[in-house]
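The values are calculated or read from the model by the stated rules, or taken from the named source; none is laboratory data. Keep in mind that what you see is a predicted model, and the values were worked out from it rather than measured. Cβ placement follows ideal geometry from the backbone for every residue including glycine, while neighbour counts extend to all protein chains displayed.
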Amino acid sequence: MDNVLAIIMAGGRGTRLSVLTYARTKPAIPFAGKYRIIDFALSNCVNSDIHNVAVLAQYQPLSLTEHIGIGAPWGFATPDRAIRLLQPYQVPEEDHEWYTGTADAVYQNLQYIEEQEAETVLILSGDHIYVMDYNDMIELHQNTQADVTLAVTRFPEEELRQFGTVVVDETGQVTKFQEKVKNPKSNLVSMGIYLFKKDALCRWLEEDARRVTSKHDFGRNIFPAMIGKSKIITYNFDGYWRDIGTVDAYWQANMDLIKMSPPPLHNTDWPIRTPEETRPASVISETAEVTNSLVSGGCVIEGRVEHSVLSPKVMVAEGAVVKDSIIMNDSVIGQGSVVDYSILDKEVLVEAGCHIGFGNDFTPNRKQPKLLKSGISIVGKRARVPLGTKIERNCVIGCGVGEDNFHTSEVKSGKTIVSRR
């Protein structure tokens, strides 16, 4: 679709995901085994025949840029298709700084947008899990001659305060936009998918940039300012959509994919693409038991895996148990160890006889009490859990933590251990 430019916002730090975003931006976090979160937005674009895509990166972009490369897995490495990774920059006599909000991130790339021949700009979040054909939304947008069309979905009342919500009239036009308020007047949640007329986008971004009191955010500033002055309509989406904003949301979205029938990752008509590495077949030994799980290529399983997600080349030794957990690439679960209701980042070594997610004490994490209170424990990238260690609930084991950082063989619920190096 030559007249549409897609812009994927992928620069967020994602502090609510704890150590999972210590060395990577949120959209680059591994997801559902072999994928990254951003694969869903990229694949939706390509499957919708949108081949002019810009990715706005900022925080810890290395993992993201290495993952995307020249875009070959998504078909961008051809002369008539393009993907660009855009980052904050400085130019003489201009006051360019780090992106201060979602609208500011797009505004700082306004010159690039204006140079594109596209008449319509599709703005997406790189940290959402969903499958959508954007063509239906584009058709509605064009037929109604809207200045902007917002994709919306209905959410339960108890979750609404986490999102921007919209109020619409009988014609579907937006009459109110509320960003993360305590008592929203609607259960229609904005999905962070915005379709703009290019001239309207440029005009409103320039106006917002001049407003010194603005936070330069689409939800907080741009859309409320547009109400009554521009035509804003909604596109209703009734499929699965999850904003990966918290540890709980990340865990739940992974588990949701296990129980979906038919599984969206197996849809050959709408493939979710990702860079593919050459890996051996997974080995499920005669001592293994695997139920209700996603298991990626190259895994070796000799123990029990139940209701869990395993990324490529995970090893689960004989007698080990992995339950209700997410284990990322190249991690090793030692003989007789138990990993329960936990998330292990890449290249974690759990030595024999350990128990991660131990006991019934659900004391919230002392350093991050609002982020880790449901019982999930997290072990950061390349951490080493010593022989026989017990790690209870809501614990954080930092990236690169080794045996020298453990002063006891039992890590009580709510504790955080970080490397002192």
Please specify each residue of segment 287-330 satisfying the condition of being closer than 22 Å to Ala249 by Cβ and small (Gly, Ala, Ser). Ser293, Ser296, Ser308, Ser311, Ser325
Out of all the residues in segment 9-53, which are aromatic (Phe, Trp, Tyr) and either assigned to a helix (DSSP H, G or I) or in contact with a helix residue (DSSP H, G or I) (Cβ under 6 Å, 6 or more places away or on another chain) (or both)? Phe40
Elements of type strands (runs of 3 or more DSSP E) contained in segment 142-212, each with 2 or more residues being farther than 13 Å from Phe223 by Cβ: 148-154, 188-197
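Looking at Ala225, Ala281, Ala288, Ala249, can you tell me which residue is among the hydrophobic types (A, V, I, L, M, F, W, C) and closer than 20 Å to Val106 by Cα?
Ala225
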The listed residue being in the same structural domain as Tyr250 (by TED's automatic domain parsing), at pLDDT below 95 and within 24 Å of the chain's Cα centre (by Cα), out of Asn187, Asn183, Asn135: Asn187
Assess whether Leu310 counts as being outside the structural domain of Lys346 (by TED's automatic domain parsing) and among the hydrophobic types (A, V, I, L, M, F, W, C). no
Which residues, taken from segment 369-399, are farther than 19 Å from Ser325 by Cα, under 26 Å from the mean Cα position of the chain (by Cα) and either modelled with pLDDT of 95 or more or not in a loop (DSSP other than H, G, I, E, B) (or both)? Pro369
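Select from segment 99-123 the residues that are assigned to a loop (DSSP other than H, G, I, E, B) and in contact with a His (Cβ under 8 Å, 6 or more places away or on another chain) and list them in ascending order. Give the steps one after another, and end with the answer.
Here is the first cut: in segment 99-123, the residues assigned to a loop (DSSP other than H, G, I, E, B) are 99-101, 108-109, 116-119.
Thr100, Gly101, Gln108, listed by residue number.
Quick check on segment 260-294: of everything there that is part of a helix (DSSP H, G or I) and touching a residue at least 12 places away in the same chain (Cβ under 8 Å), which residue is surrounded by the most Cβ atoms within 10 Å (Cβ to Cβ)? Can you show your working first?
First, the residues of segment 260-294 that are part of a helix (DSSP H, G or I): 264-266.
Next, from what is left, pick out any that are touching a residue at least 12 places away in the same chain (Cβ under 8 Å): 264-265.
Working: Pro264: 18, Leu265: 16.
The residue in question is Pro264.
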Looking at this structure, is Pro386 out of contact with any Lys or Arg (no Cβ under 9 Å at 6 or more places or on another chain), farther than 23 Å from Arg304 by Cβ and surrounded by fewer than 24 Cβ atoms within 10 Å (Cβ to Cβ)? no
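On the given criteria, is Ile83 part of a strand (DSSP E or B) and on the phi < 0 side of the Ramachandran plot?
So Ile83 passes the test.
Quick grid of which residues meet (1) within 26 Å of Ser293 (Cβ to Cβ); (2) in contact with a Lys or Arg (Cβ under 6 Å, 6 or more places away or on another chain):
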{"position": "Asp324", "(1), (2)": "yes, no"}
{"position": "Val332", "(1), (2)": "yes, no"}
{"position": "Val338", "(1), (2)": "yes, no"}
{"position": "Thr363", "(1), (2)": "no, no"}
{"position": "Leu371", "(1), (2)": "yes, yes"}
{"position": "Val379", "(1), (2)": "yes, no"}
{"position": "Gly400", "(1), (2)": "no, yes"}
{"position": "Thr408", "(1), (2)": "no, no"}
{"position": "Ile417", "(1), (2)": "no, no"}
